[in-house]
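Student: Got a structure for you, questions after.
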Amino acid sequence: MALYVQKFGGTSVGSVERIKAVAEKVKGFRDAGHQVVVVVSAMSGETNRLIGLANDINDEPTPRELDMLVSTGEQVTISLLTMALHKLGVPATSYTGSQVGIMTDSAHTKARIQRIETEDMRQDLDDGQVAVVAGFQGVDEEGNITTLGRGGSDTTGVALAAALNADECQIYTDVDGVYTTDPRVCSQAQRLDTITVEEMLELASLGSKVLQIRAVEFAGKYNVPLRVLSSFQDGPGTLIVADSDKDEDSMEEPLISGIAFTANEAKLTLLNTPDVPGVASKILGPIADANIEIDMIVQNVAPAGDYTDFTFTVAKGDYKLTLKILEEQVLPALGEGEVKGDDKIAKVSLVGVGMRSHAGVASKMFRVLSEENINIRMVSTSEIKISVVVDEKQMELAVRALHQAFGLDKNDIESE
Ligand SMILES: Nc1ncnc2c1ncn2[C@@H]1O[C@H](COP(=O)(O)OP(=O)(O)O)[C@@H](O)[C@H]1O
Ligand SMILES: N[C@@H](CC(=O)OP(=O)(O)O)C(=O)O
């Protein structure tokens, strides 16, 4: 007998038929003698619909009320799934985050889990029940409902698996595992049998939304065995493995494990800023004060030593506010310069632990992009990733060209 925490995302519970299919799947595990805790997201599109309603009423809803509203999406699915399980004769009880004791801090819309009270769930499991828990939500010490950030049900699943010491946390979604890149954009993408926590963290943080980044962090920190599977077809899925557990038979790591991309960034440039100590902090200080996260930063070498250009990227949602801060606070403080912005950009990233021991990945990447006539506007690197910023409209072309050039296409891998 094993204990599984099974998380079903929005598409997997997107209709009555799909909810019934999830109930059948859960029943199958229970009939096989396993204990199951299920975590569900809201039906697909529901969270966006609720946010839309809020914005129709008030374009700046308070985070507390937003959490109160969007958490209702998951409350619908826990009850419907539990009813579907009852219909199949499976004893089950639904719980909101607050009822099951998912205690978080008070950072509404991006709360962090601090502890989980597991007694009720353990009692249910001991009684032969399935516990059906609302993903994405928790409660703070004052009893306010909080949410964990978009995609947060993955984190609920992994956190519950850690708290219950489950044998595996299974993330069921609409693809049958983690692919070399998003299979919706590149039909040649290949499912990976395993991927390391480190690589998955990079892919998630660079835009692959198959897993929420904090869920991967949690799995790494608490050693939770984590598997991504399809809720629509059977198969082994992809196991996220500790960095030391990567297939020991393979003598060489593949150079690139995956390609991530996102069009959710915008680029801002300050032209002709004085090249003197303290300028970077004068530019970025007011932006940090506004709680805006900065991703890539590039400062050009000043040709004559006295003026430079300073470019950085932020999330697209922060673009307008950042532009305003630069124009209204930073430029007056610097006394000179000019601001330029572009929110039609995309970031494409190659990820792979094999890069550590191989030179030449960047030069090959740049060559492939130049052969496709794709202009590179910014570059950033770390030990296991290279990211470039390109025009948004060239993003998919860049992904496909790089996927093929780095030998990730289906036919290449199959013929090895
Ligand atoms: N490398 C990747 N491997 C698999 N899926 C990916 C990858 N990158 C992006 N995706 C996308 O992630 C989607 C699944 O995530 P999401 O829509 O959040 O699912 P859910 O609703 O189940 O939480 C897939 O449909 C796929 O388009
Ligand atoms: N419903 C929430 C939480 C979530 O994790 O959803 P999904 O599993 O469908 O990505 C959201 O849309 O962000």
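Student: Counting only residues that are within 16 Å of ligand 1 (Cβ to nearest atom) and among the charged types (D, E, K, R), which one in segment 18-40 is nearest to D127 (Cα to Cα)?
Tutor: K25
Per-residue answers, yes or no, for (1) in a helix (DSSP H, G or I); (2) of a type in the set (S, T, Y); (3) modelled with pLDDT under 95; (4) more than 14 Å from F136 (Cα to Cα):
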{"residue": "V22", "(1), (2), (3), (4)": "yes, no, no, yes"}
{"residue": "S44", "(1), (2), (3), (4)": "no, yes, no, no"}
{"residue": "D59", "(1), (2), (3), (4)": "no, no, yes, yes"}
{"residue": "E74", "(1), (2), (3), (4)": "yes, no, no, no"}
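Student: Could you please find all residues in segment 199-213 being crowded, with 22+ Cβ neighbours inside 10 Å, touching an Asp or Glu at 6+ places or on another chain (Cβ under 9 Å) and not aliphatic (A, V, I, L, M)?
Tutor: E199, S208, Q212 - these are the residues of segment 199-213 that are crowded, with 22+ Cβ neighbours inside 10 Å, touching an Asp or Glu at 6+ places or on another chain (Cβ under 9 Å) and not aliphatic (A, V, I, L, M).
Student: Do we find a residue being within 16 Å of ligand 1 (Cβ to nearest atom), of a type in the set (V, I, T), more than 26 Å from E65 (Cβ to Cβ) and at pLDDT 95 or above anywhere in segment 118-137?
Tutor: No, the conditions are met nowhere in segment 118-137.
Condition check ((1) acidic (D, E); (2) surrounded by fewer than 19 Cβ atoms within 10 Å (Cβ to Cβ); (3) over 24 Å from the mean Cα position of the chain (by Cα)) across all residues:
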{"residue": "V368", "(1), (2), (3)": "no, yes, yes"}
{"residue": "K385", "(1), (2), (3)": "no, no, no"}
{"residue": "D391", "(1), (2), (3)": "yes, yes, no"}
{"residue": "V399", "(1), (2), (3)": "no, no, no"}
{"residue": "L402", "(1), (2), (3)": "no, no, no"}
{"residue": "G407", "(1), (2), (3)": "no, yes, yes"}
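Student: For the subset of segment 117-138 comprising residues that are crowded, with 19+ Cβ neighbours inside 10 Å and touching a Gly at 6+ places or on another chain (Cβ under 6 Å), which member is nearest to A84 (Cα to Cα)?
Tutor: A134
Student: Kindly evaluate M355 against the criterion of being assigned to a helix (DSSP H, G or I), touching a strand residue (DSSP E or B) at 6+ places or on another chain (Cβ under 6 Å) and either surrounded by 18 or more Cβ atoms within 10 Å (Cβ to Cβ) or of a type outside the set (S, T, N, Q) (or both).
Tutor: In short, no.
Student: If I filter segment 296-310 for residues that are of a type in the set (V, I, T), under 28 Å from the mean Cα position of the chain (by Cα) and either surrounded by fewer than 19 Cβ atoms within 10 Å (Cβ to Cβ) or modelled with pLDDT of 90 or more (or both), do I get at least one hit?
Tutor: yes
Student: Scan segment 216-226 and give yes if some residue there is surrounded by fewer than 22 Cβ atoms within 10 Å (Cβ to Cβ), at negative phi and in contact with a Cys (Cβ under 8 Å, 6 or more places away or on another chain), otherwise no.
Tutor: Checked segment 216-226: at least one residue is surrounded by fewer than 22 Cβ atoms within 10 Å (Cβ to Cβ), at negative phi and in contact with a Cys (Cβ under 8 Å, 6 or more places away or on another chain).
Student: Just give me the residues in segment 55-75 being over 12 Å from V132 (Cβ atoms) and within 16 Å of ligand 1 (Cβ to nearest atom), in sequence order.
Tutor: Selection gives V70, G73.
Student: Right, another one. How many residues are free of Cβ contacts under 8 Å to residues at least 12 places away in the same chain, outside any helix (DSSP H, G or I) and under 23 Å from R377 (Cα atoms) if we restrict to segment 283-333?
Tutor: Residues meeting the conditions: 4.
Student: I want to confirm something. Restricting to segment 167-193 and keeping residues that are of a type in the set (A, V, I, L, M, F, W, C) and within 16 Å of ligand 2 (Cβ to nearest atom), which single residue is surrounded by the fewest Cβ atoms within 10 Å (Cβ to Cβ)?
Tutor: Looking at residues that are of a type in the set (A, V, I, L, M, F, W, C) and within 16 Å of ligand 2 (Cβ to nearest atom), I get V175.
Student: What are the residues in segment 76-108 that are among the hydrophobic types (A, V, I, L, M, F, W, C) and either within 22 Å of V158 (Cα to Cα) or in a loop (DSSP other than H, G, I, E, B) (or both), if any?
Tutor: Scanning segment 76-108 gives V76, I78, L81, L88, V90, A92, V100, I102, M103, A107.
Student: Does A111 satisfy the condition of being in a loop (DSSP other than H, G, I, E, B) and either in contact with a strand residue (DSSP E or B) (Cβ under 6 Å, 6 or more places away or on another chain) or away from ligand 2 (no atom under 16 Å from the Cβ) (or both)?
Tutor: For A111, the condition - in a loop (DSSP other than H, G, I, E, B) and either in contact with a strand residue (DSSP E or B) (Cβ under 6 Å, 6 or more places away or on another chain) or away from ligand 2 (no atom under 16 Å from the Cβ) (or both) - is met.
Student: On to the next question. Scanning for something closer than 25 Å to G143 by Cα and among the acidic types (D, E), does segment 25-35 turn up at least one residue?
Tutor: no
Student: Keeping to segment 167-185, report how many residues are part of a loop (DSSP other than H, G, I, E, B) and either within 12 Å of ligand 1 (Cβ to nearest atom) or under 20 Å from Q99 (Cα atoms) (or both).
Tutor: Matching residues across segment 167-185 total 11.
Student: If you don't mind, there's one more thing I want to ask. Run down T156, T82 and say which single residue is among the hydroxyl-bearing types (S, T, Y), within 16 Å of ligand 1 (Cβ to nearest atom) and modelled with pLDDT of 95 or more.
Tutor: Exactly one residue qualifies, and that residue is T156.
Student: Which residues, taken from segment 138-153, are of a type outside the set (A, V, I, L, M, F, W, C) and more than 16 Å from ligand 1 (Cβ to nearest atom)?
Tutor: G138, D140, E141, E142, G143, N144, T146, listed by residue number.
Student: Related question: Scan segment 318-360 for residues that are under 26 Å from the mean Cα position of the chain (by Cα) and modelled with pLDDT under 90 and report the count.
Tutor: 4
Student: Still on this structure: Is there any pair with a first residue in segment 31-48 that is without any contact (Cβ under 8 Å) to a residue 40 or more places away in the chain and a second that is more than 12 Å from ligand 1 (Cβ to nearest atom) and part of a loop (DSSP other than H, G, I, E, B) whose Cβ atoms are under 7 Å apart and which are 6 or more apart or on different chains, and what are they?
Tutor: G33/M1; H34/M1; H34/A2
The values are calculated or read from the model by the stated rules, or taken from the named source; none is laboratory data. Everything quoted here is computed from the prediction, not taken from an experiment. So basically every Cβ, Gly included, is an ideal-geometry build from the backbone, and we count neighbours across all protein chains shown.
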